[in-house]
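I have placed the structure first, in the form of structure tokens, so that the comments after it can refer back to it.
No lab work stands behind these numbers, since they all come straight from the coordinates. Everything numeric here is computed off the predicted structure, so don't read it as measured data. Glycine also receives a Cβ, built like all others from the backbone with ideal geometry; neighbour counts cover every protein chain displayed.
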Amino acid sequence: DPQPLHLQSGSDLRALYTYYNARSGRFDITFEAADETARRSTQRYSGYAVETMQVAVTRRPLARGEIVRAADVAIEHRPKAEFREGAPAATDPVGLATRHTTRAGQALRASDLMRPEIVQRNEPVTIVYEAPGLVLTVRGKAMDPGAEGDVISVRNSQSNRTVQGTVAGPGRVIVRSGAPRLVTSEAGLTPGTAP
């Protein structure tokens, strides 16, 4: 254990020798201190420095898709070397969902988290078809899971057609078109059906 270096206010402190190896983390430093009587003393410190960073660590196991609450995580300092390049640590995971099952004590990476999926695969959904001057609502089924704002495939239960739409809320997908479609019938022009 390093010896404490006690200094009086106004003491003169300078480094006589410093060494640091960034690759291994090894350091060696010698200080010289002079007190108010000009008496000088030296103290050497050596060891290994470990660069740390703040990360969110799970307090309990979390299932895939589970939304992270404040009580589920603690902020700890972990060695930066645990996080390879391109895999940043998650520092604010509250409100996000886990991409896969996580164990208690696991440091969360950004890649471990996603926006909560509010539409699940094969879930019944309301498809809202929007075009200028036209809004049609029809029942359908989600072919993909999705978070709010995600574009997913949905199947119209009436026509059995699959279209792409944007998740707008739980069980709600919006399909937008630039102009309403018109189809010809014997009675004349009628608004097209939903996709």
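A crude spin-label estimate for the pair Ile67 and Met114, with each label 7 Å from Cα along the Cβ direction, gives 1.7 nm.
Which shape class applies to segment 118-183: rounded if a/c is under 1.5, otherwise prolate when a/b exceeds b/c and oblate if not, where a ≥ b ≥ c are the square roots of the Cα gyration tensor eigenvalues?
Values: a/c = 2.16, a/b = 1.52, b/c = 1.43.
Prolate shape, in that a/c is at least 1.5 and a/b is the bigger ratio.
Treat the count of other C-beta atoms within 10 Å as a stand-in for reagent exposure and order Ile152, Ile75, Ile29 from fewest to most. Please list the in-between numbers first.
On the way: Ile152 19, Ile75 10, Ile29 15.
Placing the least packed residue first, the sequence is Ile75, Ile29, Ile152.
Shape of segment 52-114 from its Cα gyration tensor (a ≥ b ≥ c, root eigenvalues): rounded if a/c is under 1.5, otherwise prolate when a/b > b/c, or oblate? The shape class here is prolate.
Computed over segment 42-97, relative contact order equals 43 percent, with contacts defined as Cα pairs under 8 Å that lie 6+ residues apart.
Grab the beta carbon distance between Tyr19 and Gln54, set R0 = 22 Å, and tell me the FRET efficiency rounded to 0.05.
On the way: r = 28 Å, r/R0 = 1.27.
The pair Tyr19/Gln54 has a calculated efficiency of 0.20.
Basic side chains Lys and Arg get +1 at the Cβ, acidic Asp and Glu get -1 at the Cβ, and with that the dipole of segment 118-183 about its Cα centre reaches some 260 debye.
The length gained by stretching the chain between Leu136 and Arg103 to full extension, at 0.36 nm per residue less their Cα-Cα distance, is 7.4 nm. Close amide H pairs (under 5 Å, H built 1.01 Å from N) link Arg172 with Thr126, residues at least 5 positions away or on another chain. From the residues Thr30, Ala97, Val73, which one has its Cα farthest along the dipole of segment 16-175 in the positive direction, the dipole being from +1 and -1 charges on Cβ of Lys/Arg and Asp/Glu about the Cα centre? Among Thr30, Ala97, Val73, the one farthest towards the positive end of the dipole of segment 16-175 is Ala97.
Would you list Ser24, Ser157 from fewest to most Cβ contacts within 10 Å? Show your work: numbers first, answer last.
Working: Ser24 9, Ser157 14.
Ranking Ser24, Ser157 by Cβ neighbours within 10 Å, fewest first, gives Ser24, Ser157.
Taking amide H positions as placed in the peptide plane 1.01 Å from N, state which residues far from Val73 in sequence (5 or more) or on other chains have amide H under 5 Å from it. Result for Val73 returns Arg59.
The magnitude of the dipole of segment 90-144, with charges of +1 and -1 set on the Cβ of Lys/Arg and Asp/Glu and taken from the Cα centre, is near 180 debye.
Along segment 63-79 the Karplus relation, 6.51 cos²θ - 1.76 cosθ + 1.60 evaluated at θ = phi - 60°, assigns HN-Hα couplings of 7, 4, x, 6, 7, 7, 9, 4, 6, 7, 10, 10, 8, 10, 9, 10, x Hz to successive residues, with x for each Gly and Pro.
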